[in-house]
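**Student:** One structure follows; several queries about it will come next.
FYI, it's all coordinate maths here, none of it is from the lab. What you see is a predicted model, and the numbers here were worked out from it, not measured in a lab. Heads up, the Cβs are rebuilt from the backbone with ideal geometry, glycines too, and the neighbour counts pull from every protein chain shown.
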Amino acid sequence: MLNMQRVARSHVEADRPLARRIGVRIRAERLQRGLTQAQLAEGRYTKAYVSALENGHIKPSMAALNFLAGRMGIPATTLIGDDGSRWSRLEADLRLASGDWQTAADAYSDLLASEPTSTAVRAELLKGLSEALCRLEHGAEAVRAASEAADLFAAAGRTADVARATYWQANGLYLLENSMEARRLMSGILEQLRGGLRLEPDFKIRVLIALAGIETRDGNGDVAISYLEEARGLSPELDDRRRATFAFTLAISYRELGDYEGALSLGLQALSLFQASESRLEAASVENSLALVYLDRGSLDLAREQAALARQEFERLGNERWLSHVADTEAMIALQAGDLDLAASRGSDALALAHKTGNQKALIDAALTLARTRRRKGDRAGAVELLEEAVGVAREHGRRMQLEALLGEWADIVADGGDLARAYELTREALAVSRARNAT
């Protein structure tokens, strides 16, 4: 009897490395799809069972592997493989799930460039890369990666993964301000979901939120709210982080519509939920957005307080990419308060950080704020120099909304200087950009 127990223990010890490998892979795939342990287990197993698997305490049966892989829309072999490239990809997936998007993008790119892979693996790598690039606001590169991934998944008959890749393709198009194509792709995914396509529980909510974002930016507030109300009806079963994301997106829509009270209420709700789920980066980004809402309302003291909280958290996280946004927020607050020296200092900090991190949106925003500061200080030539550089970046990267704002500011400055012909040229270009943006 004792010998049998000893043999059983030896089998358990022998299985433990494999159990740990499978557990880490289950966790990485689950996090990449935004699922909780309870959501993954739903229908057959328990949260405790999934937790035990992920921690390598037990080895799953093939029936369990097939069930869990099916819930995540991947082959069961994805959870078993132990070759070197699999583990390299695992690191990229974990970096993506943890919010370290630049490292994830670099890892996916290296894997795609350096290792011969199967078509199925290449599609997965491209999908991960497209998400990382979208998070980094590299729209054109994201569209290319997601489009190829969607084509490869379609050829393999993996309908659910086609939808996932197309979601990031549409997000990339949104970043490029191609609303028409982004709307078409996202609406197509929504039709599939309404027609019975089964994906992870919160995917439909993410699609509805994305469509609301497109409509909000295009000024279709009522349509945006209708999407968000549909999403609200699906949200009670979400975890804190997902509910926080939903509330935050709804807050942004309300802010765009000029409903600052509604934006504040939802923003504070999102902040509380992010804090409860220990999503520190997202909570800090909400604090920065709340600072902008307070600024829009003219509540400068509250705006400063929220911006200071956001700065403190991003400094603790060492996130210079987001610090560039916060520095620009602080510059805008100082400019509205009439503290031109502080506005210039914070604006310069924002511009430097944006250059350092390759943050195109922050770079253009900071250049506009700094140009307005220089204009207020009487340095029209310095303001024009900044705007000219920022206009070049906006044109190169297709950031038409920002380009329109830059051209309008530039036209006002040259008009103040008496060059009405040049002001007219810039105004005409701004109008052309506006028409082109509204056409798409």
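**Student:** Straight-line reach from K127: which lysines have Cα under 21 Å away, leaving out those fewer than 8 places along the same chain?
**Tutor:** Result set, ordered by chain and number: K204.
**Student:** Right, here's the next one. Normalised by the residues of the chain, what does the relative contact order come to in percent, with Cα pairs under 8 Å and at least six apart?
**Tutor:** Details: 602 pairs, mean separation 34.3, N = 440.
After rounding, I find 8 percent.
**Student:** Based on the mean of other beta carbon atoms within 10 Å per residue, what is the order of 243-250, 308-315, 344-351, most packed first?
**Tutor:** 243-250, 344-351, 308-315
**Student:** Something else now. Which value in deg cm²/dmol, rounded to the nearest 500, describes the helix-derived mean residue ellipticity at 222 nm for the chain, given -39,500 (n - 2.57) per DSSP H run of n ≥ 4 and division by the residue count?
**Tutor:** It lands at -27000 deg cm²/dmol.
**Student:** Now, a different point. Once you sort the root eigenvalues of the Cα gyration tensor of segment 288-406 as a ≥ b ≥ c, which label holds: rounded (a/c under 1.5), prolate (a/b larger than b/c) or oblate (the other case)?
**Tutor:** Oblate.
**Student:** Taking neighbour Cβ counts within 10 Å as the exposure measure, how do M72, M332 sort from fewest upward? Walk me through the numbers on the way to the answer.
**Tutor:** On the way: M72 19, M332 25.
Ranked by crowding around the Cβ, least crowded first: M72, M332.
**Student:** Once you have a ≥ b ≥ c as the square roots of the Cα gyration tensor eigenvalues for segment 299-346, tell me rounded if a/c is under 1.5, and otherwise prolate or oblate according to whether a/b is larger than b/c.
**Tutor:** oblate
**Student:** Which value does Rg/Rh take for segment 348-440 over its C-alpha atoms, Rh per Kirkwood?
**Tutor:** Radius of gyration over Kirkwood radius for segment 348-440 works out to 0.98.
**Student:** Turning to a different aspect of this structure: List the pair-distance distribution P(r) of segment 219-351, using every Cα-Cα distance, as the percent of pairs falling in each 10 Å bin from 0 up to the bin containing the longest distance, rounded to whole percents.
**Tutor:** Computed distribution, short to long bins: 14, 39, 33, 13, 2.
**Student:** Let me know the whole percent of all Cα-Cα pairs from the chain that are separated by more than 42 Å.
**Tutor:** 21
**Student:** How big is the Rg/Rh ratio for segment 97-197, C-alpha atoms only, Rh by Kirkwood, two decimals?
**Tutor:** 0.98
**Student:** Check the straight Cα-Cα distances from K47 and name the aspartates and glutamates below 14 Å, setting aside those fewer than 8 residues away within the same chain.
**Tutor:** Those aspartates and glutamates meeting the cut-off are D239.
**Student:** A follow-up question, please. Would you tally the net charge around G347, using a Cβ to Cβ cut-off of less than 10 Å, leaving G347 out, and scoring K and R as +1, D and E as -1? Walk me through the numbers on the way to the answer.
**Tutor:** Details: positive: R346, R372, R374; negative: D328, E330, D349, D365.
It works out to a net charge of -1.
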